[in-house]
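Structure first, commentary second.
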Ligand SMILES: Nc1ncnc2c1ncn2[C@@H]1O[C@H](COP(=O)(O)OP(=O)(O)OP(=O)(O)O)[C@@H](O)[C@H]1O
Ligand SMILES: [Mg+2]
């Protein structure tokens with residue numbers, strides 16, 4: 001349902017962020033996109049809803065080439081693509097309810113949205129989602145009065161209220177603690193499988209990627225270097241994606257225990273000298 | 001080149017010596033300028049007149065005191081006019097400033113080549129002409145009275161409010177705007193959901209601040225026939241009715257203090 005073909009993105013600064021990416025995604029897949037900083041993960045998902053303009057290549061969503069759309073056509077395509085951001089990107093001075101309901105903007109006229117005249121159907125759906133993400137009692141709070149985890153839940157509800165066909169998620173957990181991060185990932189996964197949604201999720205945390213995705217794509221310097229199930233991801237491949245590193249951490253452990261032994265030795269010497 | 005080697009040790013100085021020299025030279029020029037200006041002023045002043053300034057001040061204060069309180073009956077109407085000129089002028093100016101500011105801000109302008117320079121020209125020309133000059137021009141165009149005052153205040157406010165507002169628009173958080181764009185919202189909706197909430201506090205603060213300034217400015221517009229209490233001030237001065245002048249000055253003072261108090265209160269509520 002989402003097909004990228006030979007996608008190339010060159011920023012004005014000369015950075016070749018995507019260097020010929022071709023990928024195919026199906027309905028209902030949860031895909032994790034991993035890769036070192038600067039690999040082009042954010043660029044890739046931002047090309048899909050055209051927050052950045054790809055230099056060349058095609059982006060096919062449900063048989064329509066997004067890359068060539070303009071104006072109203074582009075907005076119609078965008079409302080079927082939900083997006084969740086790392087820093088939540090809520091409108092800080094609007095309430096939780098206004099933020100969630102802004103997922104319906106693409107479906108209504110300007111004056112109705114200006115006077116906040118959302119249809120009762122939209123409001124009911126928003127309240128449902130609010131309950132689903134566990135924020136019912138916070139509906140009238142301003143977004144800047146919420147914690148990080150709560151904000152991300154609002155972000156998720158806003159994206160889902162669009163009734164999208166696919167979900168683009170850019171590092172949803174990067175600013176959250178490990179427990180909240182897992183809860184948020186679980187929530188996204190559940191909501192997607194309920195709706196049979198495709199989700200493309202950028203992740204820095206390989207552990208989370210393995211835990212929650214059906215498929216992992218490794219990106220390096222704007223190229224796909226790995227595309228398989230999480231089970232196939234091993235240390236050799238991680239090195240290929242991220243570069244040389246000690247993945248199991250065994251060398252560090254050895255070093256640390258050596259230091260500890262050294263320290264113990266010094267202490268006993270101190271003790272011996274003090275009692276001399 | 002703030003890091004240097006001196007006697008083998010690395011030391012850090014905020015400026016290198018060339019820059020330091022330029023700064024000293026700047027000070028030298030500045031002091032020379034003050035000296036020259038003083039000489040010129042001194043040569044053109046008749047010190048005989050300046051010498052009895054304290055005596056003249058004492059005489060003027062004596063004639064001003066006590067203020068002629070009965071005159072207040074004739075001041076209520078012009079005072080009310082003054083408030084109206086300031087308030088309606090600010091309102092009109094703000095209404096025009098919003099579209100001009102969004103045309104001038106880099107991140108909202110419809111065209112950087114054509115519309116933005118045009119908006120900039122509007123802002124600069126509005127700001128470079130004093131309200132009093134605008135009033136003189138408008139009295140000749142629309143005739144004397146409140147209308148000229150309102151338009152004069154509005155014209156001057158466009159530049160002030162517009163400039164500060166477009167700077168506020170350029171400083172907003174881009175990701176909030178992106179998030180609204182990503183929902184498929186139309187440009188006008190992106191503006192009203194992504195940008196308006198972010199600039200609202202700045203907008204309210206700027207408008208109130210300008211209203212405050214406009215109250216002060218509108219007290220002198222009557223001097224050139226653009227309505228308000230300035231007319232009474234000019235006529236009282238021309239007939240040397242010092243006790244009326246002092247009453248007018250007190251009335252203006254109270255109005256200005258009250259308006260500053262109100263705008264400070266409202267602003268602290270909003271932010
Ligand atoms: N707005 C921009 N203008 C110019 N260059 C950019 C811009 N955004 C990204 N780049 C460049 O494109 C390349 C890919 O950036 P991108 O943000 O897609 O990486 P990423 O994989 O998301 O990294 P991270 O994990 O740090 O978020 C980088 O070299 C970056 O410098
Ligand atoms: Mg990124």
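What are the residue pairs meeting all of these: first residue in the range A:1-29, first residue within 14 Å of chain B (Cβ to nearest Cβ), second residue away from ligand 2 (no atom under 16 Å from the Cβ) and not in a strand (DSSP E or B), Cβ atoms under 9 Å, and 6 or more apart or on different chains? Matching pairs, first to second residue: none at all.
Does the range A:158-206 hold any residues that are within 16 Å of ligand 1 (Cβ to nearest atom) and either over 20 Å from residue A:37 (Cβ atoms) or assigned to a helix (DSSP H, G or I) (or both), and which are they?
Filtering the range A:158-206 down to residues within 16 Å of ligand 1 (Cβ to nearest atom) leaves A:168-176, A:181, A:200-206.
A:181, A:206, listed by residue number.
Considering each residue of the range A:105-117 in turn, none proves to be more than 9 Å from every other protein chain (Cβ to nearest Cβ) and touching a strand residue (DSSP E or B) at 6+ places or on another chain (Cβ under 6 Å). Restricted to the range B:178-202, and to residues there that are more than 9 Å from every other protein chain (Cβ to nearest Cβ) and touching a residue at least 40 places away in the same chain (Cβ under 8 Å), the residue that is nearest to the chain's Cα centre (by Cα) is B:195.
State whether one or more residues within the range A:61-73 are part of a strand (DSSP E or B), surrounded by 19 or more Cβ atoms within 10 Å (Cβ to Cβ) and touching a helix residue (DSSP H, G or I) at 6+ places or on another chain (Cβ under 8 Å). Break it down stepwise before answering.
At the first step, the residues of the range A:61-73 found to be part of a strand (DSSP E or B) are A:61, A:64-65.
Within this subset, residues satisfying the condition of being surrounded by 19 or more Cβ atoms within 10 Å (Cβ to Cβ) are A:61.
Filter once more, keeping what is touching a helix residue (DSSP H, G or I) at 6+ places or on another chain (Cβ under 8 Å): A:61.
Yes, the conditions are met somewhere in the range A:61-73.
Within the range A:76-98, the residues that satisfy the criterion of being facing chain B (nearest Cβ under 9 Å), part of a helix (DSSP H, G or I) and closer than 24 Å to residue A:171 by Cα are A:77, A:78, A:98.
Yes or no: the range B:214-233 includes at least one residue that is within 30 Å of residue A:118 (Cα to Cα) and at pLDDT below 95. Full working, then the answer.
Residues of the range B:214-233 that are within 30 Å of residue A:118 (Cα to Cα), as a first pass: none.
No, there is no match, as no residue in the range B:214-233 is within 30 Å of residue A:118 (Cα to Cα) and at pLDDT below 95.
Residue A:43 falls short on exactly one of the conditions (1) closer than 30 Å to residue A:230 by Cα; (2) at pLDDT 90 or above; (3) facing chain B (nearest Cβ under 8 Å), and that condition is (3). Remark: pairs (first residue in the range A:112-131, within 18 Å of residue A:154 (Cβ to Cβ); second residue part of a helix (DSSP H, G or I) and modelled with pLDDT under 90; Cβ separation under 6 Å; 6+ apart in sequence or on different chains) = A:130/A:136. When the range A:211-229 is filtered for residues that are away from ligand 1 (no atom under 15 Å from the Cβ) and either farther than 26 Å from residue A:3 by Cβ or in contact (Cβ under 8 Å) with a residue 40 or more places away in the chain (or both), the ones remaining, listed by number, are A:211, A:212, A:213, A:214, A:215, A:227.
The values are calculated or read from the model by the stated rules, or taken from the named source; none is laboratory data. What you see is a predicted model; the values in this text were computed from it and never measured. Because the Cβ atoms are built from the backbone with ideal geometry, glycine has one as well, and the counts that use them run over all protein chains shown.
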